[in-house]
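**Q** Dropping the structure in here first, questions after.
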Amino acid sequence: GARTHAAPRPRAASMVGAPDAARRQSRGSDAQHPFSRQPVRWGALVGICALVVAVGVASACAAAFATLAVLGRSTASGGDASGVSGGTLADGQEGVAASAGRSALAAVRGVGVWDSAADALARMGTGRQACAQGLELARRAARAPAPGDAHSPTLLCMVLTSWPKQEPNMRVVLESWLRTCDQAAFLISDNPTSDVRPPKEIVTGEPYDDRGATNVALYPMSRAPVIAINVTGAGRDCVGQREECWKEGFLWRKVWQLYLRVYDLYVAPALSEGGGGWESVPEWFIKADDDSYLFTSHIRKHLRDNKYDPDEPHFMGRALRHVRHKHLPGGMISGNGLIMSRGAFKKLVEEALAGIVERTETARKEAEAKGQAWNPEVLTSPCIDRLGPGEDIATSICFGMINVTAENAEDSDGRMKSLIMQYRDHLMTRHGRDERGHPREWMWEGINPAHELANCCAPLDEIFHLHSFKGAERLRRMYEYRMLEDRLWEVKAEALRPLEQACAALGVE
């Protein structure tokens with residue numbers, strides 16, 4: 001059937017912070033007080049500290065400022081101290097940073113707030129109100145967004161792989177990160193005439209053999225369905241930049257035909273009569289390779305804090321802006337990890353992929369009419385079928401044809417969040433320039449030269465994609481990153497405890 005559906009209803013407005021007027025409320029009777037010019041949250045926190053001095057837990061105050069410094073690296077595009085917006089502590093466009101914590105401590109000492117709890121209370125206002133307003137904000141910033149949480153983006157994670165060769169990768173991927181998605185699937189090409197057919201589902205929990213070593217599941221009974229299709233057209237399942245893959249490989253054909261199948265399974269039923277409606281469609285469609293690790297909690301936080309609307313067409317990841325094509329105004333997204341909003345995925349299938357067969361035939365006839373040899377390896381027409389391994393550039397061109405521009409996932413300093421290698425590889429690689437001043441390695445094209453070595457990338461607690469876990473040794477490092485991701489959030493929760501103790505002393509839990 002035709003893959004077209006009525007446009008979804010306008011998305012309901014997301015939760016926003018309290019009006020700006022709340023931030024302009026009185027900060028105390030002493031208008032000349034030097035701390036009165038600081039954001040409300042800092043003055044209120046000092047008020048908390050002043051009060052808890054009286055009950056003998058003054059040490060919690062300094063730790064509370066350190067807590068906000070730890071949590072403050074996250075920034076929000078809006079929000080204020082009196083409401084929840086984006087899940088981070090923010091003052092307009094400014095996040096709470098470590099420098100603000102140090103300035104606040106200096107101001108506290110400068111006004112002698114440690115000398116008199118009663119005097120500080122008169123200056124700074126009530127601590128209970130500050131706790132009521134700020135504690136939940138801090139908790140939300142320190143809590144990992146998880147499947148099923150309110151306001152947590154829903155993710156459908158799709159891993160492109162092959163069977164049975166990549167079965168060890170599939171199991172490690174499933175246990176280490178794929179199981180943390182709201183919904184997940186492996187995308188595989190299937191040959192109906194083969195004696196080796198893929199299963200309907202991958203389930204961990206049983207030992208499997210990998211080069212003679214018996215391994216048990218780290219997370220037993222993790223499971224994900226397998227979406228397998230018989231790829232139509234000539235060619236074979238071949239990956240990599242080898243010559244035979246360019247001549248015979250049908251990787252791009254495999255991808256666009258699998259995307260049509262994903263649409264038929266996850267989008268069309270929801271929009272059909274009696275379906276769950278547009279809101280039941282996963283908000284974000286993520287495609288990754290079987291040698292990639294995704295920090296799904298960091299992805300959720302990135303999408304939530306930046307207030308991305310999943311109904312708008314967003315297509316993001318590591319944007320390679322040096323790739324030139326008339327339909328790539330923003331470059332292409334590296335195919336080992338790309339994120340599509342449901343609005344973008346629906347648009348891609350209905351407006352680009354659904355007509356790819358007819359568009360390809362038209363391009364062929366136009367070439368023949370001009371007396372040109374038809375070579376599907378050359379991208380002479382936008383969003384056509386062809387052989388070769390470049391599925392990422394083909395996907396990006398199809399998006400460009402429908403006016404969806406690639407977005408680079410980066411932090412507030414412009415550093416990468418989606419890495420195309422492992423973290424250590426980026427840390428230990430310099431840009432390097434040739435005699436013309438161009439980067440020696442393609443991966444550094446379009447990157448700020450200052451972003452190299454220790455400053456190459458976003459902080460590890462913001463990174464959301466690593467790649468190239470090839471080979472058994474590197475593959476098992478995914479388990480280490482699973483432990484690391486969990487531990488990063490535990491550290492944030494531990495840093496929050498002094499603030500929770502200070503507020504608990506005031507009766508605010």
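**Q** Kindly indicate whether M340 is among the aliphatic types (A, V, I, L, M), more than 13 Å from H465 (Cβ to Cβ), open to solvent by less than 50 Å² (accessible area, probe 1.4 Å) and within 20 Å of the chain's Cα centre (by Cα).
**A** Numbers: among the aliphatic types (A, V, I, L, M): yes; more than 13 Å from H465 (Cβ to Cβ): yes; open to solvent by less than 50 Å² (accessible area, probe 1.4 Å): yes; within 20 Å of the chain's Cα centre (by Cα): yes.
In short, yes.
**Q** Hey, can you tell me all the residues within segment 126-151 that are within 17 Å of D486 (Cα to Cα), open to solvent by less than 80 Å² (accessible area, probe 1.4 Å) and out of contact with any Asp or Glu (no Cβ under 7 Å at 6 or more places or on another chain)? Talk me through it step by step, then tell me what you get.
**A** Pass one, segment 126-151, residues within 17 Å of D486 (Cα to Cα): 139-147, 149.
Next, from what is left, pick out any that are open to solvent by less than 80 Å² (accessible area, probe 1.4 Å): 139-142, 144-147, 149.
Answer for segment 126-151, where residues must be within 17 Å of D486 (Cα to Cα), open to solvent by less than 80 Å² (accessible area, probe 1.4 Å) and out of contact with any Asp or Glu (no Cβ under 7 Å at 6 or more places or on another chain): R139, R140, A141, A142, A144, P145, A146, D149.
**Q** Somewhere in segment 158-179, is a residue part of a strand (DSSP E or B) and over 21 Å from G249 (Cα atoms)?
**A** Step one: list which residues in segment 158-179 are part of a strand (DSSP E or B), which gives 158-160.
Pick out the ones that are also over 21 Å from G249 (Cα atoms) and you get none.
No.
**Q** Still on this structure: Restricting to segment 397-450, give me the number of residues that are in a strand (DSSP E or B) and farther than 30 Å from I356 by Cα.
**A** Of the residues in segment 397-450, the ones in a strand (DSSP E or B) are 406-408, 410, 416, 418, 433, 439.
Within this subset, residues satisfying the condition of being farther than 30 Å from I356 by Cα are 410, 416, 433, 439.
The qualifying residues number 4.
**Q** I'd like to check something: does segment 372-385 contain any residue that is open to solvent by 10 Å² or more (accessible area, probe 1.4 Å) and modelled with pLDDT of 90 or more? Walk me through it before giving the result.
**A** Filtering segment 372-385 for residues open to solvent by 10 Å² or more (accessible area, probe 1.4 Å) gives 372-382, 385.
Among the residues that remain, those that are also modelled with pLDDT of 90 or more are: 385.
Scanning segment 372-385, I find at least one residue that is open to solvent by 10 Å² or more (accessible area, probe 1.4 Å) and modelled with pLDDT of 90 or more, so the answer is yes.
**Q** Go through segment 169-206 and report how many residues are among the aliphatic types (A, V, I, L, M), touching a Cys at 6+ places or on another chain (Cβ under 9 Å) and surrounded by fewer than 22 Cβ atoms within 10 Å (Cβ to Cβ).
**A** Step one: filter segment 169-206 for residues among the aliphatic types (A, V, I, L, M), giving 170, 172-174, 178, 184-185, 187-188, 196, 202-203.
This time we only want the ones that are touching a Cys at 6+ places or on another chain (Cβ under 9 Å), so: 178, 184-185.
With the extra rule that they be surrounded by fewer than 22 Cβ atoms within 10 Å (Cβ to Cβ), the set shrinks to none.
Matching residues across segment 169-206 total 0.
**Q** If you don't mind, another one. For segment 475-509: of the residues being among the acidic types (D, E) and assigned to a helix (DSSP H, G or I), which is modelled with the lowest pLDDT? Break it down stepwise before answering.
**A** Of all residues in segment 475-509, those among the acidic types (D, E) come to 480, 485-486, 490, 494, 500, 509.
From what is left, the residues that are assigned to a helix (DSSP H, G or I) are 480, 485-486, 490, 494, 500.
Values: E480: 95, E485: 97, D486: 96, E490: 96, E494: 93, E500: 88.
Once the filter is applied, the top-ranked residue is E500.
**Q** Same structure again: Search segment 391-410 for residues that are in contact (Cβ under 8 Å) with a residue 60 or more places away in the chain and acidic (D, E) and pair each with any residue that is open to solvent by 10 Å² or more (accessible area, probe 1.4 Å) and in a helix (DSSP H, G or I) when their beta-carbon atoms are under 6 Å apart and the residues are at least 6 apart or on different chains.
**A** Matching pairs, first to second residue: E391/L251.
**Q** While we're here: Quick one: in segment 243-257, of everything that is of a type outside the set (D, E) and over 17 Å from I393 (Cβ atoms), which residue is most open to solvent (accessible area, probe 1.4 Å)?
**A** At the first step, the residues of segment 243-257 found to be of a type outside the set (D, E) are 245-247, 249-257.
Add one more test, that the residue is over 17 Å from I393 (Cβ atoms), and what stays is 247, 257.
Working: K247: 120, Q257: 24 Å².
Among residues in segment 243-257 that are of a type outside the set (D, E) and over 17 Å from I393 (Cβ atoms), the one most open to solvent (accessible area, probe 1.4 Å) is K247.
**Q** Moving to a separate point now. Is it the case, given these coordinates, that R476 is open to solvent by 40 Å² or more (accessible area, probe 1.4 Å) and under 30 Å from L135 (Cβ atoms)?
**A** Values: open to solvent by 40 Å² or more (accessible area, probe 1.4 Å): yes; under 30 Å from L135 (Cβ atoms): no.
It is false that R476 is open to solvent by 40 Å² or more (accessible area, probe 1.4 Å) and under 30 Å from L135 (Cβ atoms).
**Q** Would you tally the residues in segment 418-436 being touching a residue at least 24 places away in the same chain (Cβ under 8 Å) and open to solvent by less than 20 Å² (accessible area, probe 1.4 Å)? It would help to see each step written out before you state the result.
**A** Narrowing segment 418-436 to residues touching a residue at least 24 places away in the same chain (Cβ under 8 Å): 418-423, 425-429.
Checking the rest, the ones that are also open to solvent by less than 20 Å² (accessible area, probe 1.4 Å) come to 418-420, 422, 426.
Residues flagged as touching a residue at least 24 places away in the same chain (Cβ under 8 Å) and open to solvent by less than 20 Å² (accessible area, probe 1.4 Å) within segment 418-436 amount to 5.
**Q** Please find, among V216, V239, V231, the residue that is surrounded by 15 or more Cβ atoms within 10 Å (Cβ to Cβ), at pLDDT below 90 and not polar (S, T, N, Q).
**A** Working: V216 fails: surrounded by 15 or more Cβ atoms within 10 Å (Cβ to Cβ); V231 fails: at pLDDT below 90.
The match here is V239.
**Q** Sticking with this one: What number of residues in segment 382-396 are in a helix (DSSP H, G or I), more than 15 Å from D237 (Cβ to Cβ) and not small (G, A, S)?
**A** First, pick out the residues of segment 382-396 that are in a helix (DSSP H, G or I): 391-396.
Filter once more, keeping what is more than 15 Å from D237 (Cβ to Cβ): 392-396.
From what's left, not small (G, A, S): 392-393, 395.
Within segment 382-396, residues that are in a helix (DSSP H, G or I), more than 15 Å from D237 (Cβ to Cβ) and not small (G, A, S) number 3.
**Q** Answer with yes or no whether E279 is open to solvent by 10 Å² or more (accessible area, probe 1.4 Å) and either farther than 15 Å from Y259 by Cα or free of Cβ contacts under 8 Å to residues at least 24 places away in the same chain (or both).
**A** Values: open to solvent by 10 Å² or more (accessible area, probe 1.4 Å): yes; either farther than 15 Å from Y259 by Cα or free of Cβ contacts under 8 Å to residues at least 24 places away in the same chain (or both): yes.
The answer is yes for E279.
**Q** Can you give me the ranges of the helices (runs of 4 or more DSSP H) entirely in segment 264-375 with at least 3 residues that are out of contact with any Gly (no Cβ under 6 Å at 6 or more places or on another chain)?
**A** Numbers: elements: 268-271, 296-305, 342-351, 356-369.
Those helices (runs of 4 or more DSSP H) span 296-305, 342-351, 356-369.
**Q** Need the failing condition index for E391 against (1) closer than 24 Å to K287 by Cα; (2) open to solvent by 50 Å² or more (accessible area, probe 1.4 Å); (3) of a type in the set (D, E, K, R); (4) modelled with pLDDT of 85 or more, just the number.
**A** Single failed check for E391: (2).
**Q** Of the residues D209, D195, only one is at pLDDT below 95, assigned to a strand (DSSP E or B) and of a type in the set (D, E, K, R); which? Explain how you work it out, then say what you get.
**A** Numbers: D195 fails: assigned to a strand (DSSP E or B).
Result of the check over D209, D195: D209.
The values are calculated or read from the model by the stated rules, or taken from the named source; none is laboratory data. Quick caveat: nothing in here was measured; it's all calculated off a predicted structure. Reconstructed Cβ throughout: ideal geometry from the backbone, glycine too, with neighbour counts over all protein chains shown. Surface areas here come from the heavy atoms of the whole protein model, side chains and all, with no ligands, DNA or RNA. Shrake-Rupley method; radii C 1.70, N 1.55, O 1.52, S 1.80 Å.
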